[in-house]
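This report refers to the structure that appears directly beneath it.
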Amino acid sequence: MKKIIRTATVSISLDILLKGQLAFLKEHYEVVAVSGQDSYLDSVSNREGVRTIPVSFQRQISPFKDFISLLKLYKVLRKEKPLIVHSITPKAGLLTMIASYFAGVPIRIHTFTGLVFPYKKGFIHHLLLFLDKVLCHFATHIIPEGEGVKKDLLAFKVTKKPLKVIANGNVNGIDLDFFNPNKVSQVEQENLKQQLHINPTDFVFVFVGRLVSDKGINELVAAFTDLSKQNSNCKLLLVGPFENELDPLHRETLDQIASNKSIICVGFQDDVRPYLALSDVFVFPSYREGFPNVILQAGAMNLPCIVTDISGSNEIILQDKNGIIIPIKNKKAIFDGLNKMLFDVELRNKCMSNARHLINSRYEQSQVWNSLLKEYKFLEENFK
């Protein structure tokens with residue numbers, strides 16, 4: 001059986017982003033997963049039933065440690081002799097493509113789940129752009145996660161190689177059996193509402209993700225604060241961790257979150273389905289994404305969405321069909337979007353009725369998996 005090696009900078013990416021996919025591919029190939037050794041890599045081995053090989057990668061630029069990782073990866077690839085290597089995430093992509101080229105791996109694929117350099121300035125912008133160009137030079141095939149990522153790769157002339165989006169985008173699709181509103185009972189919803197002091201008549205907006213500036217939380221909290229002054233029966237539910245070291249929120253935002261009783265923070269949650277199930281509208285005012293899984297999850301749970309006009313988000317949401325699209329970094333636009341979804345019952349019901357169907361028709365997990373397998377088989381046949 002021919003061999004595929006999948007790599008990621010941190011093993012949580014293999015564990016969470018590719019959940020179930022490696023077990024599916026194992027039916028057709030020998031699959032090996034490579035990343036740093038930790039509990040997430042153990043989870044990949046146990047759940048997916050694939051062999052794992054520990055090779056640590058640094059997320060930040062670290063020339064000496066990166067060179068050591070490159071050498072270790074080269075030795076692994078020389079020994080394993082895979083037909084295909086396929087990387088996700090930037091550092092693993094760069095080192096995997098270089099190592100696999102020199103190790104003589106014939107099919108070298110990298111999936112860009114998002115680009116960092118367009119949002120940086122000065123030296124770091126040029127450095128990251130150069131490194132992505134190096135990655136593409138050593139790869140044989142480039143897969144953008146969505147049309148927005150593809151557009152950026154073309155706009156910045158990162159590579160002249162063909163760019164092919166798999167299925168309708170996203171690296172793994174959505175497990176519609178798991179993200180199913182029927183899996184969260186009414187009793188469970190009511191109990192959780194009581195714990196969170198949400199009244200039966202409250203209208204709940206929900207955000208799921210890291211509580212950082214780049215996710216548009218400063219503008220969201222400011223807009224909701226204005227809305228809640230006019231509508232006391234509204235709640236904003238924030239599901240996710242603060243990251244004060246990397247991308248902290250403004251001081252006034254933190255003060256508003258702490259003082260406004262209509263804003264509820266529950267921190268990181270292993271299972272977000274109960275929080276989506278008890279909510280009325282999902283809000284995601286992020287500045288940049290590759291292809292956000294959480295919008296797929298919200299849609300699968302029947303939620304209308306308010307999203308910003310960025311890559312991924314504007315591919316999943318169709319204006320006035322399963323949500324609305326607003327400009328980025330715009331408090332007024334968020335306020336208007338919240339207000340519209342609150343009072344335009346006809347639009348909200350229309351988006352709700354379309355939400356799960358549109359996700360199912362374009363991003364159901366087996367569609368993505370089978371499209372990726374078809375691509376592997378195509379490349380294998382053409383390699384022969």
If we take the range 293-384, then helices (runs of 4 or more DSSP H) inside it with 1 or more residues that are over 16 Å from the mean Cα position of the chain (by Cα) and without any contact (Cβ under 8 Å) to a residue 24 or more places away in the chain are 331-343, 345-363, 365-383
Checked against (1) closer than 21 Å to VAL204 by Cβ; (2) touching a Gly at 6+ places or on another chain (Cβ under 7 Å); (3) open to solvent by less than 10 Å² (accessible area, probe 1.4 Å), GLY312 satisfies every condition except (1)
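Tell me, which strands (runs of 3 or more DSSP E) wholly within the range 1-80 include 2 or more residues that are free of Cβ contacts under 8 Å to residues at least 24 places away in the same chain?
Working: elements: 3-8, 30-35, 51-54.
The qualifying strands (runs of 3 or more DSSP E) are 51-54.
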query: Just a yes or no: is a residue in the range 96-105 among the aliphatic types (A, V, I, L, M), modelled with pLDDT under 95, in contact with a Pro (Cβ under 8 Å, 6 or more places away or on another chain) and not in a strand (DSSP E or B)?
result: no
Going through (1) in contact with a Leu (Cβ under 9 Å, 6 or more places away or on another chain); (2) open to solvent by less than 30 Å² (accessible area, probe 1.4 Å) one by one, ARG210 fails only at (2)
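Is one or more of the residues making up the range 328-339 open to solvent by 10 Å² or more (accessible area, probe 1.4 Å), small (Gly, Ala, Ser), at pLDDT 95 or above and farther than 28 Å from GLU190 by Cβ? I'd like the intermediate steps shown before the answer.
Taking the range 328-339 and keeping what is open to solvent by 10 Å² or more (accessible area, probe 1.4 Å), we get 328-333, 335-336, 339.
Adding the requirement that they be small (Gly, Ala, Ser) leaves 333.
Applying the additional criterion that residues be at pLDDT 95 or above yields 333.
Those still in the list that are farther than 28 Å from GLU190 by Cβ too: 333.
Within the range 328-339 (the criterion being open to solvent by 10 Å² or more (accessible area, probe 1.4 Å), small (Gly, Ala, Ser), at pLDDT 95 or above and farther than 28 Å from GLU190 by Cβ), the answer is yes, since at least one residue qualifies.
Sort out which residues of the range 119-128 are under 23 Å from the mean Cα position of the chain (by Cα) and either surrounded by 15 or more Cβ atoms within 10 Å (Cβ to Cβ) or closer than 20 Å to PRO63 by Cβ (or both), and write them in order of number. Give the steps one after another, and end with the answer.
Filtering the range 119-128 for residues under 23 Å from the mean Cα position of the chain (by Cα) gives 119-120, 125, 128.
Once the filter is applied, which keeps residues that are under 23 Å from the mean Cα position of the chain (by Cα) and either surrounded by 15 or more Cβ atoms within 10 Å (Cβ to Cβ) or closer than 20 Å to PRO63 by Cβ (or both), the range 119-128 yields LYS120, HIS125, LEU128.
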Scanning the range 71-110 for residues that are of a type in the set (Ser, Thr, Tyr), open to solvent by 10 Å² or more (accessible area, probe 1.4 Å) and under 21 Å from ARG51 (Cβ atoms), the one farthest from the chain's Cα centre (by Cα) turns out to be TYR74
Among VAL134, VAL85, the single one that is out of contact with any Cys (no Cβ under 8 Å at 6 or more places or on another chain), in contact (Cβ under 8 Å) with a residue 24 or more places away in the chain, within 21 Å of VAL31 (Cα to Cα) and not hydroxyl-bearing (Ser, Thr, Tyr) is VAL85
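The values are calculated or read from the model by the stated rules, or taken from the named source; none is laboratory data. Since this is a predicted model, take the numbers as computed values, not measurements. FYI the Cβ positions are ideal-geometry reconstructions off the backbone, even for glycines, and counts take in every protein chain you see. Surface accessibility is based on the protein's heavy atoms, side chains included, excluding ligands, DNA and RNA. Shrake-Rupley method; radii C 1.70, N 1.55, O 1.52, S 1.80 Å.
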